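First the structure, in the form of structure tokens, and then the observations on it.
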Amino acid sequence: MTNLRLHKIAFIAAFFCFLYRCTPNLRLIKYNPPKSSSTVSVSESKTETVVDTQTTTAETEAVDSLSSFDTSATVEINFSSAFDSTIDTTSFATVASDSSLELKWYPPHKIVKRRVRIALERNTSEASFSTSKKIFLKTSTKNIGITAQKFSVRCSKDGRFFFSGSKGVREISCPCTLLTSGTEDLIMFNQVLYRGNLVLLSEQKGTFSVINHIDVEQYLRGVVPLEIGKRPESLIEALKAQAVAARTYTYKRMLERKNAPFDMTATVQDQVYGGADPEYRESDLAIKMTEDLIMVYKDSLINAYYHSTCGGKTANIEDVWEKPYCSYLRSVSDLNSSGQPYCQISPRFHWQEKWTSAIFFDQIRNNLSKAFPEKVRQGSIKEISVKESFSCGRVKRCVFSGNNWTVDMGGDRLRFIIRRDTPDKSILRSANFKIVSLGSKEVLISGTGYGHGVGMCQMGAIGRAAANQSFEEILKAYYTGVVICAATEQG
Ligand SMILES: [Zn+2]
């Protein structure tokens, strides 16, 4: 054997040693999930409606006092008797072929990996459940087996809990957990099927909360479809970008709320979550192909805000919210090489809203007096005018004035003052708007984009995927200077 051959062998051996060391962070992906969902599929129209009307993640930040949902609670609760982690519900669709194989290395980022806790309902006194397979109700003292039946849990005014099933009523202790017995078992609650376990937590005044306790990757299967809609496999890079953004958002919230009774809500306050119902093949595939991938900036998980349609330019976080400058949440152009916005495919790229003047001024005065009770007085509004806009187009200063009072405000809060004339008084689609006419009979406002404008533009991500950008290119276009890492268990 020549020296040259020995060198070659040594080199190859060293390479495989290196490969072995990196194994935990290698993406060796084989996938072929089922062609159809095992549960209810999402219709195109429903998905479009959800995407078009959704306010995502960071809408949460601006909702604050307007919401009845208190996510700031930090009450310490002992979950040890309620959260059972011995049953594995984490497996995905069976790997069945080598038709697609991807190998890529990502730097590791250590995090505490645990199941996420999603508040499905809070402060209820009664909840009904059903299951087609066997599940167990686990309390600190008992395990009750439940098979193929409907059952309910009720809390009395004096804080006692009662379980009602086909064999009658019995008193139970709380917290307790509804445990599934297999990986594909689902529990129905409020007409929605859920994977993982449901935990019932005692709240004040004879009420309790229903919390879904579920593996993060499984949770994402019920988030990605509702956050970005049903998309074909040709746009899978957009689905992958959405999966990484949603996963990063999830782990960040889990870190921040580790001492709270739950990590997130299932609504636009955090991320819209529909349990197992909206799952579909391409979304599952995108989640699996990006398993454990998260975005990191300077060794910290990022706040991965995202929104529907930026309108051509995203927003600096400090411009739209009362939050500090953030290096990775900068205003960036969303134009392609021909100068066309990637998100112009959005049905809400341009919009117009109309009100009768009486309704418009009435709601503005009501909303302003709630937001600025010390300033705004009764009487008619004399002036509403846009004085200045940011370079991204969103309004920096809008002046409202009446008899001896003036409010000068800008950014995303304007959307909560100028609400649309819809039955639920939904907020204005974006803060990038112009007042077209402010007449005595009718008010007309036109605008661009949908959502707060911070972080990833979801419709832009779809446009970029259609232009053959990878999910990494998409994410790095919207989150300045981030690194894509593989989440690894903090040992
Ligand atoms: Zn955009």
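The values are calculated or read from the model by the stated rules, or taken from the named source; none is laboratory data. Only a predicted model underlies this, so the values are computations on that prediction, with no experimental measurement involved. Using ideal geometry, Cβ is built from the backbone for each residue, glycine included, and neighbour counts are taken over all protein chains shown.
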Conditions (1) away from the ligand (no atom under 16 Å from the Cβ); (2) among the β-branched types (Val, Ile, Thr); (3) farther than 26 Å from Ser437 by Cβ: number failed by Ile359: (3)
Only one of these conditions is not met by Tyr305: (1) within 11 Å of the ligand (Cβ to nearest atom); (2) buried (at least 21 other Cβ atoms within 10 Å of the Cβ). Which number is it? (1)
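Select, from Tyr273, Tyr280, Tyr249, the only residue that is closer than 19 Å to Val192 by Cα, buried (at least 24 other Cβ atoms within 10 Å of the Cβ) and at pLDDT 95 or above. Break it down into steps so the answer makes sense when it comes.
Values: Tyr280 fails: buried (at least 24 other Cβ atoms within 10 Å of the Cβ); Tyr249 fails: closer than 19 Å to Val192 by Cα.
Answer to the check: Tyr273.
Residues are listed down the side, and each one gets a yes or a no for (1) of a type outside the set (Ser, Thr, Tyr); (2) under 30 Å from Gly229 (Cα atoms); (3) not in a strand (DSSP E or B):
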residue: Pro324; (1), (2), (3): yes, no, yes
residue: Trp351; (1), (2), (3): yes, yes, no
residue: Ala358; (1), (2), (3): yes, no, yes
residue: Gln378; (1), (2), (3): yes, no, yes
residue: Glu388; (1), (2), (3): yes, no, no
residue: Cys398; (1), (2), (3): yes, no, no
Candidate set from region 115-142 (those that are of a type in the set (Lys, Arg) and in contact with a His (Cβ under 9 Å, 6 or more places away or on another chain)); member that is nearest to Val153 (Cα to Cα): Arg117
With the checklist (1) among the aliphatic types (A, V, I, L, M); (2) within 16 Å of the ligand (Cβ to nearest atom); (3) buried (at least 22 other Cβ atoms within 10 Å of the Cβ) in hand, flag the one item Ala466 doesn't pass. (3)
Are any residues in region 330-348 more than 9 Å from the ligand (Cβ to nearest atom) and either within 28 Å of Lys425 (Cβ to Cβ) or in contact with a Gly (Cβ under 6 Å, 6 or more places away or on another chain) (or both), and if so, which ones? Ile345, Pro347, Arg348
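Say whether the condition of being of a type in the set (Lys, Arg), loosely packed, with under 13 Cβ neighbours inside 10 Å and more than 18 Å from Ser202 (Cβ to Cβ) is met by at least one residue in region 161-169.
Let us first name the residues in region 161-169 that are of a type in the set (Lys, Arg), namely 167.
Filter once more, so that each one left must be loosely packed, with under 13 Cβ neighbours inside 10 Å: 167.
Now narrow it down to the ones that are more than 18 Å from Ser202 (Cβ to Cβ): 167.
Looking for residues that are of a type in the set (Lys, Arg), loosely packed, with under 13 Cβ neighbours inside 10 Å and more than 18 Å from Ser202 (Cβ to Cβ), one finds at least one in region 161-169, hence yes.
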With region 202-280 as the region, which helices (runs of 4 or more DSSP H) entirely inside it contain at least 3 residues that are in contact with a strand residue (DSSP E or B) (Cβ under 6 Å, 6 or more places away or on another chain)? 236-256
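Could you tell me whether any residue of region 302-312 is under 26 Å from Val112 (Cβ atoms), polar (S, T, N, Q) and outside any helix (DSSP H, G or I)? Give the steps one after another, and end with the answer.
Within region 302-312, the subset under 26 Å from Val112 (Cβ atoms) is 302-306.
If we keep only those that are polar (S, T, N, Q) too, we end up with 303.
The next check asks that each one be outside any helix (DSSP H, G or I); those that pass are 303.
Checked region 302-312: at least one residue is under 26 Å from Val112 (Cβ atoms), polar (S, T, N, Q) and outside any helix (DSSP H, G or I).
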Only residues that are among the small types (Gly, Ala, Ser), within 18 Å of Arg115 (Cβ to Cβ) and at pLDDT 90 or above: list them for region 164-207, please. Gly196
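Out of curiosity, is Val296 assigned to a strand (DSSP E or B) and either in contact with a strand residue (DSSP E or B) (Cβ under 6 Å, 6 or more places away or on another chain) or closer than 30 Å to Lys396 by Cα (or both)?
Yes: the conditions hold for Val296.
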Count of residues meeting criterion [surrounded by 19 or more Cβ atoms within 10 Å (Cβ to Cβ), within 19 Å of Leu414 (Cα to Cα) and either free of Cβ contacts under 8 Å to residues at least 60 places away in the same chain or within 15 Å of the ligand (Cβ to nearest atom) (or both)] in region 317-329: 1
Considering residues of region 103-125 that are over 19 Å from Thr265 (Cα atoms) and in contact with a Cys (Cβ under 9 Å, 6 or more places away or on another chain) only, the residue modelled with the lowest pLDDT: Trp105
Determine which member of the set Lys375, Lys396 is charged (D, E, K, R), in contact (Cβ under 8 Å) with a residue 24 or more places away in the chain, in contact with a Phe, Trp or Tyr (Cβ under 6 Å, 6 or more places away or on another chain) and surrounded by 15 or more Cβ atoms within 10 Å (Cβ to Cβ). Lys396
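Looking at Trp351, is it closer than 26 Å to Ser437 by Cβ and more than 16 Å from the ligand (Cβ to nearest atom)? Steps first, please.
Numbers: closer than 26 Å to Ser437 by Cβ: yes; more than 16 Å from the ligand (Cβ to nearest atom): no.
Criteria not met by Trp351.
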Pull up region 429-446, narrow it to residues that are in contact (Cβ under 8 Å) with a residue 12 or more places away in the chain and touching a Leu at 6+ places or on another chain (Cβ under 7 Å), then point me to the one that is nearest to the ligand (Cβ to nearest atom). Ala431
Those residues of region 124-161 that are of a type outside the set (Val, Ile, Thr), in contact with a Phe, Trp or Tyr (Cβ under 8 Å, 6 or more places away or on another chain) and assigned to a strand (DSSP E or B) come to a total of 13
Test each condition in (1) at pLDDT below 95; (2) farther than 30 Å from Lys113 by Cα; (3) of a type outside the set (S, T, N, Q) for Gly491 and report the one that comes out false. (2)
Within the bounds of region 454-463, is there any residue that is within 16 Å of the ligand (Cβ to nearest atom), touching a helix residue (DSSP H, G or I) at 6+ places or on another chain (Cβ under 7 Å), part of a strand (DSSP E or B) and in contact (Cβ under 8 Å) with a residue 60 or more places away in the chain? yes
